[in-house]
Amino acid sequence: MDQTNRRYFLMTSLAMTASSLAHSPVSTQANDRIRIAVVGLRSRGRNHIQAFHDLRNHNVEVAALCDIDENILSERLIETEKLTGKRPETFTDMRDLMDKKDIDVISFATPNHWHALGTIWACQAGKDVYIEKPTSHGIWEGRKMVEAARKYHRIVQSGTQIRSSVAIQEGMQKIREGLIGDVYMARGLCFKWRKSIGKAKEQPIPPGIHYDLWTGPAPKRPFTKNRFHYQWHWQWDYGNGDIGNQGPHQLDLARWGLGVGLPKRIQSLGGHYLFNDDQETPNVQISTFEYPDEQKILTFEVRHWITNSEGGSQIGAFIYGSEGYLEISQYDGYRTFLGKKQEPGPSREEGGNHFSNFIDAIRTRNHNQLNSDIEEGHISSSLAHLANIAYRTGRTLQYDPLEEKFPNDDESNAFLKRQYRPPFVVPEEI
């Protein structure tokens, strides 16, 4: 049996075993050590290592590291051993983590196109999951992630960490209590000074990089630096542009403030302005999500270069009501402005610990304890995906939020699910 078939057999066997145990989940006791593997180590994954190490007094241990770039893996191994005083196991292929019985949690900070398959494999293997935003690369696979979490009774936290901010939780409660009146509109902003990525020539795969593993479910293309570290965000095969990169945080806040789920009508206009480079995704994008039944509307703006601030906000969200509005201009704070004179109302700045909330939910085996359960992450990430589909089709889209499809619209429905490259395939049956 070759390596690929062995791993396919492994994943199938894990899924069958997990399915047989799905209706008898075992509670994690307070004194049980939770051993964590971090996958994807270059940037955000480095933060995951530190965040979980900070919870060491909660009996949490970073026990394994995984990255397809052996250069980054070696750097993080040295850093983690120095930080924790222990030497974690290392892997280049996440599939080799799945049969490790002593790993309880997998924390993913991989590129977007790996989010769904990694999460589903981990759930099938009986692991709990922390998954960075956007939770998925597309809407169909995002729903499969929710199905996997529920079927295998896994705790899956979406990385929209602002939901754990004490201040933001208070602000949302103020909205529910009627502080700003009847809420009718929300607006999200993502104004970042993104430089041109230039044009990159095809080149040999650098030493130490397992490029086939990095490509995973995506089409196999020649290596360039603009299809790799970070620049993948701006290529459709791997990323979702800034509305799918920074956007899920502020889309989530805007949707939370409005008290809505998925919309029925979507528009998105924009383009790739100013720079002539390899970027495929738009760097200027204005999107609108309509909720006709609730008489509410949500808008989102992406700008990529010199721009003005909006009331002090360049990355944030505004929720508007009949008696005032609430502004979230930073991750851990809100302000309110009331009446026609926009007089300052309640405000607060105080953060929270999203990783601690995740660990607490693992202890109780209660996904409702999560501040950002995978279902919430899926819905907010889907807003970014819907905007991108509207942008790519170039027209207003009608959407069925219950079926998560576009009625009588084959062109738009074709964007819901990607063509997966075997053997890295998200299965129809989870």
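The values are calculated or read from the model by the stated rules, or taken from the named source; none is laboratory data. Source: prediction; values computed, not measured. Here the Cβ is made from the backbone with ideal geometry for all residues, glycine too, and neighbour counts use every protein chain on show.
General observations
Residue by residue, here is whether (1) polar (S, T, N, Q); (2) closer than 24 Å to Gly118 by Cα holds:
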{"position": "His354", "(1), (2)": "no, yes"}
{"position": "Thr364", "(1), (2)": "yes, yes"}
{"position": "Leu370", "(1), (2)": "no, yes"}
{"position": "Leu383", "(1), (2)": "no, yes"}
{"position": "Ala387", "(1), (2)": "no, no"}
{"position": "Ser412", "(1), (2)": "yes, no"}
{"position": "Pro422", "(1), (2)": "no, yes"}
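- Looking at Trp193, Trp236, just one residue is surrounded by 15 or more Cβ atoms within 10 Å (Cβ to Cβ), within 26 Å of Tyr391 (Cβ to Cβ), touching a residue at least 12 places away in the same chain (Cβ under 8 Å) and among the hydrophobic types (A, V, I, L, M, F, W, C), and that residue is Trp236.
- The test for being touching a Lys or Arg at 6+ places or on another chain (Cβ under 8 Å) and more than 24 Å from Gln285 (Cβ to Cβ) does not hold for Ile175.
- Conditions (1) within 30 Å of Ile319 (Cβ to Cβ); (2) without any contact (Cβ under 8 Å) to a residue 40 or more places away in the chain; (3) among the aliphatic types (A, V, I, L, M): number failed by Ile205: (1)
- Residue under evaluation Glu404, criteria (1) out of contact with any Lys or Arg (no Cβ under 7 Å at 6 or more places or on another chain); (2) surrounded by fewer than 21 Cβ atoms within 10 Å (Cβ to Cβ); (3) modelled with pLDDT of 95 or more, criterion not met: (1)
- Against the conditions (1) crowded, with 16+ Cβ neighbours inside 10 Å; (2) assigned by TED's automatic domain parsing to the domain that holds Phe318; (3) within 24 Å of Pro282 (Cβ to Cβ); (4) charged (D, E, K, R), Glu141 satisfies every one except (2).
- Only one entry of Thr119, Thr135 meets the criterion of being assigned to a helix (DSSP H, G or I), within 13 Å of the chain's Cα centre (by Cα) and of a type outside the set (Gly, Ala, Ser), and that entry is Thr119.
- Taken as a whole, the range 41-55 holds no residue that is among the hydroxyl-bearing types (Ser, Thr, Tyr) and at pLDDT 95 or above.
- Some residue of the range 145-158 being in a helix (DSSP H, G or I), within 30 Å of Gln342 (Cβ to Cβ) and either under 25 Å from the mean Cα position of the chain (by Cα) or outside the structural domain of Ile389 (by TED's automatic domain parsing) (or both): no
- Screening the range 144-158 for residues that are among the small types (Gly, Ala, Ser) and farther than 11 Å from His367 by Cα and picking the one that is surrounded by the most Cβ atoms within 10 Å (Cβ to Cβ) gives Ser158.
- Filtering Leu269, Leu298 for residues that are in the same structural domain as Arg395 (by TED's automatic domain parsing), aliphatic (A, V, I, L, M) and under 30 Å from Asn353 (Cβ atoms) leaves a single hit, Leu298.
- Count of the range 59-99 residues which are free of Cβ contacts under 8 Å to residues at least 60 places away in the same chain, within 14 Å of Arg35 (Cβ to Cβ) and outside any strand (DSSP E or B): 6
- Test: Phe289 is modelled with pLDDT of 95 or more and either touching an Asp or Glu at 6+ places or on another chain (Cβ under 9 Å) or farther than 16 Å from Ala387 by Cα (or both): no
- Checking each residue in the range 323-334 for being in contact with a Gly (Cβ under 8 Å, 6 or more places away or on another chain) and part of a strand (DSSP E or B) picks out Gly324, Leu326, Glu327, Ile328, Ser329, Gln330, Tyr334.
- Checking Ile389, Ile359 one by one, the residue that is in contact (Cβ under 8 Å) with a residue 60 or more places away in the chain, in the same structural domain as Asn59 (by TED's automatic domain parsing) and either touching a Pro at 6+ places or on another chain (Cβ under 6 Å) or hydrophobic (A, V, I, L, M, F, W, C) (or both) is Ile359 and no other.
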